[in-house]
2 protein chains.
Amino acid sequence: MNESPAPRPATVADVARAANVSKAQAARALGGYGAVSEPVRRRVLDAAEELNYRPNALARSMNTGRSQTIGVVIAEVENPFFGLAIRGASDVLRRHGYDVVLANTDERTDAEEDAIRVMLDKRVDGIIASPADADATAHLSAAMAAGSPMVFLDRHVPGMEVDSVEVDLRRLAGQATAELLELGHRGIGFISAVQAPSDVYEPGMTLPNSSVADRLGGILDAYARAGIEPDPRWMRLNAKAPETIRAATQALLDLDDAPTAIIASDSMVGLEVLKVLRERSLRVPEDVSFLMFDDMAWSPLVDPPITVLSQPAYDMGVAAATALLERLRGSSTPPCRRVLEGEMIRRASVAPARAAVDEAPSMVGGTAVR
Amino acid sequence: MNESPAPRPATVADVARAANVSKAQAARALGGYGAVSEPVRRRVLDAAEELNYRPNALARSMNTGRSQTIGVVIAEVENPFFGLAIRGASDVLRRHGYDVVLANTDERTDAEEDAIRVMLDKRVDGIIASPADADATAHLSAAMAAGSPMVFLDRHVPGMEVDSVEVDLRRLAGQATAELLELGHRGIGFISAVQAPSDVYEPGMTLPNSSVADRLGGILDAYARAGIEPDPRWMRLNAKAPETIRAATQALLDLDDAPTAIIASDSMVGLEVLKVLRERSLRVPEDVSFLMFDDMAWSPLVDPPITVLSQPAYDMGVAAATALLERLRGSSTPPCRRVLEGEMIRRASVAPARAAVDEAPSMVGGTAVR
DNA sequence: CACCCCAATGAGACCGGACTCACTCCAGTT
DNA sequence: AACTGGAGTGAGTCCGGTCTCATTGGGGTG
């Protein structure tokens with residue numbers, strides 16, 4: 001029963017020999033191209049079956065130039081937002097015969113450069129990426145130049161003409177902020193994981209990715225529209241690890257003009273903020289209003305149910321994959337930014353600001369403002 | 001400025017030509033093997049730099065036989081448990097120069113067969129898989145036979161001698177059930193996504209994966225040890241999609257001898273169960289005690305904080321990758337099941353059974369039993 | 001000074017498919 | 001009957017690396 005240790009797989013040549021035809025004929029029969037007589041086709045196919053022949057995808061890629069593989073370069077698989085997006089992309093791609101190679105960058109440019117390099121070396125047919133830093137894009141341009149179509153997911157890079165799939169985060173953030181302002185909140189905290197030169201936002205500071213820049217931009221927009229001057233110290237960056245998120249939250253709460261509402265830039269940040277609030281025995285929304293980006297399955301179940309700015313993560317993955325497939329099909333229409341709609345889902349974590357409690361109607365329970 | 005559209009990448013031959021040496025010499029200098037004089041090495045390396053030479057990983061794989069790629073075949077990336085495990089594996093693998101190809105199976109055997117086939121065709125050096133069905137393993141054996149070392153994640157397949165990384169789920173489930181029994185619960189519901197011939201467990205039924213079989217086994221163990229006969233109708237299977245999970249929960253609650261406690265087989269099931277409980281205005285843990293497998297970041301934050309049976313998902317991924325690397329290094333020690341320790345984290349979703357409320361001490365607030 | 005050894009080098013085989021080219025038949029034209 | 005055309009076929013090249021093998025030449029040894 002114990003066969004030779006590694007009965008290495010049959011090749012076209014093996015099949016050809018078994019079928020008593022030339023390698024070329026066997027390849028034709030197997031590949032379904034060129035002219036092959038019925039009897040030969042039968043013999044070859046039977047022999048292949050018999051030998052359990054499977055084409056070597058590597059060899060095939062060598063001279064077709066295509067590998068039927070798409071590289072996905074994102075910050076972190078374990079972030080449910082990206083997890084879902086990957087799933088969306090992966091579903092579409094597989095349906096079209098493509099496989100997915102994955103790389104995590106942790107938002108580090110060097111890791112991203114590495115990843116892109118590897119993808120190129122492996123001759124992926126295309127790349128889906130969430131560029132970590134809009135200012136370090138040489139490797140991305142290199143990938144494009146090498147002929148690998150690319151689609152940006154969740155972000156775009158100003159000045160780079162590349163397809164992208166995003167959500168109208170600026171509008172969404174603006175809307176949420178406007179509602180908070182209307183509820184009497186003046187200090188609105190914002191905590192994000194983006195890497196920035198300082199932990200506190202400084203006017204005019206440029207952020208490495210559009211995704212967070214838009215969130216913050218939307219908030220500032222709303223302040224501007226309301227004619228109110230926000231305190232930059234309310235905007236906290238560099239909060240990626242649990243400890244730094246905690247520190248940022250603490251810092252916010254310890255401010256003399258501490259914000260009465262907090263917006264978390266994503267669900268992972270949000271979770272940690274909530275923990276700190278709970279530890280400090282601050283009630284949400286009575287003491288502090290809270291909302292976050294990304295609607296997670298658990299957001300309606302925590303206490304209180306969280307008001308969120310939802311992004312269609314799965315659909316974003318689908319859209320990115322679809323756009324990429326379009327490029328692979330040879331489309332050369334100008335690069336296009338696809339902006340999907342996000343949605344503010346009002347639950348119970350937002351209420352009128354403490355001091356304004358008499359002026360505005362209650363927001364508890366998910367009643368819409370206005 | 002606009003160069004030729006696809007200035008296809010430089011090859012060893014190009015570099016050799018530029019450096020005025022033979023292809024063989026260039027290859028030696030580039031690959032760092034064989035004997036190469038210093039001046040030649042310089043010239044070649046400079047030329048490579050100049051031409052921006054990058055070796056074609058495909059071509060390399062063709063004759064080394066190794067692709068520096070590991071296939072990961074799991075049910076679903078978007079399940080945070082697998083997401084974290086993938087991250088763990090991916091971190092270790094990348095550190096050792098391997099890349100990861102991903103495939104989702106949705107627990108469907110046909111998708112799994114497909115995925116494995118593709119991996120083999122791409123000549124992955126090894127495979128990490130969570131086999132969907134312990135009875136349909138021909139393709140897995142084929143992979144082993146083809147010389148691809150494999151490691152099972154989260155599951156093992158009885159009768160297949162393959163490395164695996166698991167958690168002592170049976171003990172964990174047994175412990176949890178024992179505590180529930182001690183708290184006076186007699187009816188303990190169990191809801192799982194496993195595919196089974198019927199939606200209700202039937203004694204002697206074999207389940208397709210060890211992971212769920214162990215969970216259920218542990219529960220039955222505890223019943224047996226306590227000398228109590230469980231009602232098989234308390235054990236609900238086939239609850240994968242939100243609707244089926246809801247239906248299973250409803251069915252459980254509508255039973256004449258409805259369980260007073262529910263164990264969810266994973267966090268995605270748990271979330272849906274919680275929603276149904278909430279809709280029915282059933283209080284946790286006053287009306288129904290609840291606990292679930294997998295500790296998610298949100299489990300302490302929902303209302304009430306959820307008691308969980310935690311699995312070290314990230315570490316499991318790390319362990320699986322480590323085991324695989326060991327095999328790739330040529331180790332031929334007998335296959336080994338690595339069993340990591342899970343942990344019961346007691347929070348506030350478990351309390352004494354209604355009828356037994358006078359006999360047992362309160363469990364609210366995370367106090368351990370006994 | 002003849003001899004040996006080995007560093008240094010180039011030519012070319014090879015991995016496993018995809019594909020080109022040249023050649024053979026034979027049916028269909030004219 | 002000579003001629004065209006395309007189906008059917010095999011030999012062989014190519015993709016871009018890795019690696020074997022044979023050859024060269026200079027330094028060390030007896």
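The values are calculated or read from the model by the stated rules, or taken from the named source; none is laboratory data. Small disclaimer: the values here were computed from a predicted structure and weren't measured. As a convention, Cβ positions derive from the backbone with ideal geometry for all residues, glycine included, and neighbour counts pool all protein chains shown.
Table for the structure above
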{"quantity": "Selection from region A:43-73 of residues that are within 11 Å of chain B (Cβ to nearest Cβ) and away from DNA strand C (no atom under 14 Å from the Cβ)", "calculated": "A:THR69, A:ILE70, A:GLY71, A:VAL72"}
{"quantity": "Count of residues meeting criterion [under 20 Å from the mean Cα position of the chain (by Cα) and touching a residue at least 40 places away in the same chain (Cβ under 8 Å)] in region B:208-235", "calculated": "10"}
{"quantity": "Flag if B:ARG66 is within 16 Å of DNA strand D (Cβ to nearest atom) and either modelled with pLDDT under 95 or over 26 Å from B:PHE293 (Cα atoms) (or both)", "calculated": "yes"}
{"quantity": "Tally, over region A:314-337, of residues that are buried (at least 21 other Cβ atoms within 10 Å of the Cβ) and either on the phi > 0 side of the Ramachandran plot or among the basic types (Lys, Arg) (or both)", "calculated": "0"}
{"quantity": "Single residue of region A:340-368 satisfying the filter (in contact with a Lys or Arg (Cβ under 9 Å, 6 or more places away or on another chain) and crowded, with 16+ Cβ neighbours inside 10 Å) that is modelled with the highest pLDDT", "calculated": "A:GLY342"}
{"quantity": "Candidates B:GLN195, B:GLN175, filtered to the one that is under 19 Å from B:GLY217 (Cα atoms), in contact with a Pro (Cβ under 7 Å, 6 or more places away or on another chain) and surrounded by fewer than 20 Cβ atoms within 10 Å (Cβ to Cβ)", "calculated": "B:GLN195"}
{"quantity": "Checklist (1) closer than 30 Å to A:ASN238 by Cα; (2) within 16 Å of DNA strand C (Cβ to nearest atom); (3) aliphatic (A, V, I, L, M) applied to A:ALA89, failing item", "calculated": "(2)"}
{"quantity": "Residue that is in contact (Cβ under 8 Å) with a residue 60 or more places away in the chain and within 12 Å of DNA strand D (Cβ to nearest atom), where the choices are A:SER37, A:SER61, A:SER22, A:SER90", "calculated": "A:SER61"}
{"quantity": "Scan of region B:159-175 for residues that are in contact with a Ser or Thr (Cβ under 7 Å, 6 or more places away or on another chain) and touching a residue at least 40 places away in the same chain (Cβ under 8 Å), ordered by number", "calculated": "B:LEU169"}
{"quantity": "Options B:VAL118, B:VAL124, B:VAL40; residue that is within 16 Å of DNA strand C (Cβ to nearest atom) and touching a Gly at 6+ places or on another chain (Cβ under 6 Å)", "calculated": "B:VAL124"}
{"quantity": "Answer from A:ASP110, A:ASP133, A:ASP121, A:ASP154 - the residue that is outside the structural domain of A:ALA213 (by TED's automatic domain parsing), buried (at least 21 other Cβ atoms within 10 Å of the Cβ) and of a type in the set (Asp, Glu)", "calculated": "A:ASP154"}
{"quantity": "Qualifying positions in region B:225-250 - surrounded by 14 or more Cβ atoms within 10 Å (Cβ to Cβ) and of a type in the set (Lys, Arg)", "calculated": "B:ARG233, B:ARG236, B:LYS240, B:ARG246"}
{"quantity": "Residue match in region B:121-131 (condition: among the aliphatic types (A, V, I, L, M), out of contact with any strand residue (DSSP E or B) (no Cβ under 8 Å at 6 or more places or on another chain), outside any strand (DSSP E or B) and over 15 Å from A:ARG94 (Cα atoms))", "calculated": "no"}
{"quantity": "Breaking point among (1) within 14 Å of another protein chain (Cβ to nearest Cβ); (2) of a type outside the set (Val, Ile, Thr); (3) out of contact with any helix residue (DSSP H, G or I) (no Cβ under 9 Å at 6 or more places or on another chain), for B:GLY159", "calculated": "(1)"}
{"quantity": "Selected residue (only one of B:VAL100, B:VAL92, B:VAL36 is over 30 Å from A:MET296 (Cβ atoms) and aliphatic (A, V, I, L, M))", "calculated": "B:VAL36"}
{"quantity": "Cross-chain or 6+ apart pairs with Cβ under 6 Å, region B:255-270 first and without any contact (Cβ under 8 Å) to a residue 60 or more places away in the chain, then of a type outside the set (Phe, Trp, Tyr)", "calculated": "B:GLY270/B:ALA264; B:GLY270/B:MET292"}
{"quantity": "Residue among B:ALA47, B:ALA111 that is hydrophobic (A, V, I, L, M, F, W, C) and either within 16 Å of DNA strand D (Cβ to nearest atom) or in contact with an Asp or Glu (Cβ under 9 Å, 6 or more places away or on another chain) (or both)", "calculated": "B:ALA47"}
{"quantity": "Of all residues in region B:163-207 being within 21 Å of B:GLN250 (Cα to Cα) and acidic (Asp, Glu), the one that is nearest to the chain's Cα centre (by Cα)", "calculated": "B:ASP199"}
{"quantity": "Matching residues, region B:231-253, being under 14 Å from B:GLY204 (Cα atoms) and in contact with a Gly (Cβ under 8 Å, 6 or more places away or on another chain)", "calculated": "B:ASP231, B:MET235"}
{"quantity": "Selection status of B:GLN250, free of Cβ contacts under 8 Å to residues at least 40 places away in the same chain and either outside the structural domain of B:ASP154 (by TED's automatic domain parsing) or not basic (Lys, Arg) (or both)", "calculated": "yes"}
{"quantity": "Cross-chain or 6+ apart pairs with Cβ under 9 Å, region B:128-148 first and within 14 Å of another protein chain (Cβ to nearest Cβ), then polar (S, T, N, Q) and not in a loop (DSSP other than H, G, I, E, B)", "calculated": "B:HIS139/B:THR109"}
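To keep it simple, each residue is scored yes or no on (1) facing chain A (nearest Cβ under 7 Å); (2) farther than 19 Å from B:VAL212 by Cβ; (3) not polar (S, T, N, Q).
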{"site": "B:VAL77", "(1), (2), (3)": "yes, yes, yes"}
{"site": "B:PHE82", "(1), (2), (3)": "no, no, yes"}
{"site": "B:SER90", "(1), (2), (3)": "yes, yes, no"}
{"site": "B:ARG94", "(1), (2), (3)": "no, yes, yes"}
{"site": "B:THR105", "(1), (2), (3)": "no, no, no"}
